[in-house]
Structures are given as structure tokens and as C-alpha cells.
1. When you go through (1) open to solvent by 30 Å² or more (accessible area, probe 1.4 Å); (2) closer than 30 Å to residue 156 by Cα one by one for residue 311, which number turns out not to apply?
2. Got a number for residues in region 343-393 being more than 28 Å from the chain's Cα centre (by Cα), part of a helix (DSSP H, G or I) and basic (Lys, Arg)?
3. Considering each of 356, 398, 375, 369 in turn, give the residue that is over 30 Å from residue 231 (Cβ atoms) and in contact (Cβ under 8 Å) with a residue 60 or more places away in the chain.
4. Wholly within region 417-501, which helices (runs of 4 or more DSSP H) include no fewer than the required count, namely at least 3 residues that are free of Cβ contacts under 8 Å to residues at least 12 places away in the same chain, loosely packed, with under 15 Cβ neighbours inside 10 Å and not hydrophobic (A, V, I, L, M, F, W, C)?
5. Can you confirm whether residue 360 is of a type in the set (A, V, I, L, M), under 23 Å from residue 500 (Cβ atoms), open to solvent by less than 40 Å² (accessible area, probe 1.4 Å) and modelled with pLDDT of 90 or more?
6. Any idea which residue in region 242-298 is least open to solvent (accessible area, probe 1.4 Å), counting only those that are in a strand (DSSP E or B) and either in contact with a Cys (Cβ under 9 Å, 6 or more places away or on another chain) or within 15 Å of residue 149 (Cβ to Cβ) (or both)?
7. Give me the pairs: first residue in region 196-216 and at negative phi, second residue hydrophobic (A, V, I, L, M, F, W, C) and in a helix (DSSP H, G or I), beta-carbon distance under 7 Å, and six or more apart or on different chains, which are they?
8. Looking at this structure, is residue 396 over 27 Å from the mean Cα position of the chain (by Cα) and open to solvent by less than 60 Å² (accessible area, probe 1.4 Å)?
Amino acid sequence: MEKLGTREASGVLRAGVDTTQSAKDKAVPTTSGASDKLVVALKPGNAGGAKGLTRMRWDARERTPGLGTGARFKTQLASLTLRAERGRKYRFISLMHLITEDSLKACFWDLARNKAPGIDRITMTEYEANLDENIRDLLARLKARTYRPQPVKRVYIPKPNGKQRPLGIPAVEDKVVQMACKKILEAIFEVDFLDTSYGFRPNRGCHDALDDLSRTVMCQPVNFIVDCDIERFFDTVSHKTLLRCLRERIADEAFVSLIVRFLNAGAICEGRYEPATDGTPQGSVISPILANIYLHFILDFWFDRRVRRSLKGYARLIRYADDFVVGFKYEWEAKGFMNALRERLSEHGLRIAEAKSRLIEFGRRPWVKAQRLGKRLETFDFLGITHYCDRARAGGFKLGRRTARTRQNRAPTGINEWLRRVRNLVPLRQWWSIFVAKLQGHYNYYGIGGNLRSLQIVSDRAKWLAYRWINRRSQKRSYDLEQYERWLKYHPLPKPRICHGYPVLVRMQS
């Protein structure tokens, strides 16, 4: 198997290279007939201070443009991507040299500034106050292999079903190293990921996955939908299997051991240390790319190379993180896939969330059949959007989309709680702009084709809640309806609008 050396992986000159230039190459042009000026070495070089010879020592870092901005790191990552594209079975044997002071500093500036600190309680501002020294000390520990990630701070956030979702908050310096590892892993594995994967990938998002699902249902012979969710995926990822997936492309054991340290760092919850035997800390910087690598080999690649090729009818998998749907033409193939999927996931320590996973009849032909019989087909939720079979204006089949009921109820509840807490903290003019931004963010995500009615419901509810809490800042009413309408005239709320229409459709394939 072809191996990539350190010099080939970096693609740049090393620092501390000596070059010898002759005075002839540096002679000053003179006019015709004039004698050349005498060239004298100012300092004796290794050549014995010979006349006409100068010895110049240069550092590649000093010649690299954009020092401190990560420009060189981006070039090195691009070189990794080119190598990965040329050989699908290429294994990289040297990656740790890419983590330098320049790359770590660039990764620090890529981190979000408003995140909570880790267990050491050091914020981004405090770390930035002595950034050069902190990065230099961090790099020295990485080179000496004495760097040990701190345990993440375990916090819990409520879920719509009443349960709690565990999140892990790493320390600032651990986030910096994780960001560097994340960029290296993305440069290598992004060329291997399939087009059906959309979660936590560059230039891809939720709306791309929703558009792909719309094109699949409306333009392909899809008659059945398998809606699946993996139960507690981020908490049950097998470390052994994940390392096997990483070693498919990476032969640098120093880099792999760095990933192992993050996986085994553990967590601090209410003052107690919890060791990590499986899973990746959800909420950390490196967790999404590790989850994508894991599911690429366990699910995407397996479905594309083994399952889909053994089927007679059409089938397509669309995945966003651990939430995915699969469209099938034949029911018996969809049932066979669900049985095979349970066995496949159990082999690697994962399980399907049976309460969230099901097989339903869905698509153009089932909708036509249901219309003749006077029945209604089942619906399914994907990425917070409820998908259902609907009638287009011309009378044909259309994939209907609306905000899921849980999300539809959660939006006014969240707005009401936020207005209750903020109404007396700051003046009205200050928190009103934040209120406008929150509404606009809701419209930006849920403003998809066919969902205008759901947006209007949230808009009307938010408008009334704002009027209610403005008048509950004290025992005296601040505005009546006429005054409130005048306020909205000069401080308008964003109007509900469709930000993402239906995708461009192609002709249906048989």
C-alpha cells in the first residue's frame, strides 16, 4: 500500500533550510564600460569568509504569507484533500506536524466566543489575554506527548419528551486542539462521505437534506418510507469500532492516540468524575466529525455497497447526523432492510429507537390509491418538519410540509418564557431588537415551501405575547392596543415569508 511521507503530506518547505547564493547572482547592473562594484561579505560564513560569497539563512515561516491567520494551515489541508482524492485507500502516516503554533492560533479564532467555559472556568477572553504564551505552552505539551485533555463539564438540557439531553463542555485549550483535529479529519474524510449525508458537513445543512427528500419522494418511484432514529447514539458509540474506522485512512498512531485521549477524558457531573467507556461527548467540537466517520462506515457505505446493490427496486437513504429516512419502491425490501439494519447496528453496539422508527406507506402511487378509497396516509417527521401527501394546485401529487407539532408548540412557549424573564432586565428598545432576531431566525429555518400557515400562527402568537408582557412590567399598563400598533409601525416585527421554496424537480425515473 502506498504511504505518504511527512514532506509529501505537508507540501511546504521545512523551516531552517540553508541556501548559498553566489555574488554573481546578486551583482548590481552597471552601465556599459563601468567596472563591477566590489562585493565583500560583511560577516564570515561557513565557507571561511571567502570574497564574493555570502551565506544566507532563512526560515520558511518568515517567508510564509499570512502568518498567524492560518493561511499555511489551509494550504496543508488542501494538500491532504488532494492526496485523499487521488487514492481512496490512501493512508496518511504523518499528521501531527500539521499542528503548529500558527494552526492552533487560527483554530482559536475559529471558535465561538459566547460559549460556556469548561471545568477550569477559563473563558475565551481570559485565554486570549495571554494567547501567545498559552498556545506556545500547549504546543510544547503536544510535542512532548504530555498533553492530557481535561474532563468535560456535563450539563443537561430538557428535551420535548420530558427527558434530558447530556452535553459535554470542554475547556478552551481542549477546544483549540479539537478544532485542529476536526479540520484535519474533514480534509481527509470529506472526499469519502456520500452525497446522502448532510449533517455537520461543510456547505451542507438541514434544508439541503429536506430538498433531497422532496426530490426523492416527488420524482422517484418511492412507495414506502422507513423513518429511523438511533437510540442514544452519541452515548453508545463504540470506541473500538470508531478507531477501526479512523485507521482506514490514518496510520499516524500519534494522531490516533490524541483522539483516544479525547474519547477517554471522561466528564465531571455535579462534582463527580464519570469515566468514558463508550460514546463521544455531545457538544464538543470534534464530536460531529467523529459521528459522521462512524456512521459513514457503519451505515452509509454499508447501504450503498451492499444493501442497495442487492435490491430490485429503487431505494435511497438520506441522513442528517443520527436521524435518517430511507425511501423504497417495494414493501418487502423495506421490511428486509429494517431487519438487516437491526442486526447491523447491534454488531457495533447500537440500537434503533423503536418508538421513533417505523415503516409507512407513502408516495405518489399510495396517495392516488388512498384518494380512490377515501383514506389518508400516515405522516412522518424529519428535522422538525412534518411531511405528508398533499394535492397540488393542478390536481396532482405534492409533498406537503409543515412545522412538526412539537416544534410548533415549543416556539410560543419559548418566546413566552424569554419575554417573562427579559421584560424588566433591560429597557424595551434593547430587548426588542433581540426579539425581532429570534422571530427572524424561526422564519429562516421553518420558512420552507408550503409552511406559510404555520409561520403565521407563530407570528400572531408572538405579537400577542409581546403586547402582554410589555404591559406586565409594572402595575400600570404601558400601552393600549392603539399605542401598541403605533409602536409596531415604527418598530415592526418581521413578516412571515418563505425563505426556502421547493427544490427544482427532475423527471421521474421508473
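The values are calculated or read from the model by the stated rules, or taken from the named source; none is laboratory data. All figures in this text were calculated on a predicted structure; none of them were measured in a lab. Counting neighbours? That spans all protein chains shown, and the Cβs are built from the backbone with ideal geometry, glycine included. For accessibility, only protein heavy atoms count, side chains too; no ligands or nucleic acids. Shrake-Rupley method; radii C 1.70, N 1.55, O 1.52, S 1.80 Å.
1. (2)
2. Residues meeting the conditions: 4.
3. Step by step, each of 356, 398, 375, 369 is checked, and only 398 is over 30 Å from residue 231 (Cβ atoms) and in contact (Cβ under 8 Å) with a residue 60 or more places away in the chain.
4. 428-446, 481-490
5. Criteria not met by residue 360.
6. 267
7. Matching pairs, first to second residue: 198/209.
8. In short, yes.
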